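Heads up: the structure comes next, in structure tokens.
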């Protein structure tokens, strides 16, 4: 099949467009991905319902950070993520995702208890923003809005044909 000039130009533009949008599709390292996944599972664990990990709330948080936050806050978030993992290494000798559940819960509880004061360091920023975004991602997930809290576009129903009951 011969390629026409029109087809060749279309393919060049598709390749060029893909190269332009390629940086937006970059993914975090596996270690960071595992840390975020494990942290989401600690924040909203699975019980009778799915947890944050199962609905992908950690991916929502990461997407929001990369797409909606200014560059300086993105860098602060990533530094906070590294500080979070480093704190786990200092306390338990392993990255956060490699620690056992009891150690993970203890670390998250300790950091959460320190959040009462409005700190501005990288670790506090990371933990606060990640917690908020994971919760928002879970509450906006398809699973939550269809199985737990059924979303109704327009609240209330209109029943036009209801019998009128005469009160005596």
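The values are calculated or read from the model by the stated rules, or taken from the named source; none is laboratory data. A quick note: this is a predicted structure, and the numbers were derived from the prediction, not measured. Neighbour counts run over all protein chains shown; Cβ positions are idealised from the backbone, glycine included.
Filtered by the rule that a residue be surrounded by 19 or more Cβ atoms within 10 Å (Cβ to Cβ) and over 9 Å from the mean Cα position of the chain (by Cα), region 132-143 gives a lone residue, 141. Being more than 23 Å from residue 56 (Cβ to Cβ) and out of contact with any helix residue (DSSP H, G or I) (no Cβ under 7 Å at 6 or more places or on another chain), is that true of even one residue in region 122-133? No, the conditions are met nowhere in region 122-133. Does residue 107 satisfy the condition of being buried (at least 18 other Cβ atoms within 10 Å of the Cβ), at pLDDT below 95 and either within 29 Å of residue 48 (Cα to Cα) or out of contact with any helix residue (DSSP H, G or I) (no Cβ under 9 Å at 6 or more places or on another chain) (or both)? It is true that residue 107 is buried (at least 18 other Cβ atoms within 10 Å of the Cβ), at pLDDT below 95 and either within 29 Å of residue 48 (Cα to Cα) or out of contact with any helix residue (DSSP H, G or I) (no Cβ under 9 Å at 6 or more places or on another chain) (or both).
Does any residue in region 10-37 that is on the phi < 0 side of the Ramachandran plot and surrounded by 10 or more Cβ atoms within 10 Å (Cβ to Cβ) come within less than 7 Å, Cβ to Cβ, of a residue that is modelled with pLDDT of 70 or more and not in a helix (DSSP H, G or I) six or more places away or on a different chain, and which pairs are these? Final answer for the pair search is 31/95; 35/95. In the set (1) touching a helix residue (DSSP H, G or I) at 6+ places or on another chain (Cβ under 8 Å); (2) surrounded by fewer than 12 Cβ atoms within 10 Å (Cβ to Cβ), the condition left unmet by residue 72 is number (1). The residues in region 87-102 that are over 15 Å from residue 45 (Cα atoms) and either exposed (fewer than 13 other Cβ atoms within 10 Å of the Cβ) or free of Cβ contacts under 8 Å to residues at least 40 places away in the same chain (or both) can be counted, and the count is 10.
As a summary of the residue check, residue 116 satisfies the conditions (1) modelled with pLDDT under 90; (2) surrounded by 15 or more Cβ atoms within 10 Å (Cβ to Cβ) except for the one numbered (2).
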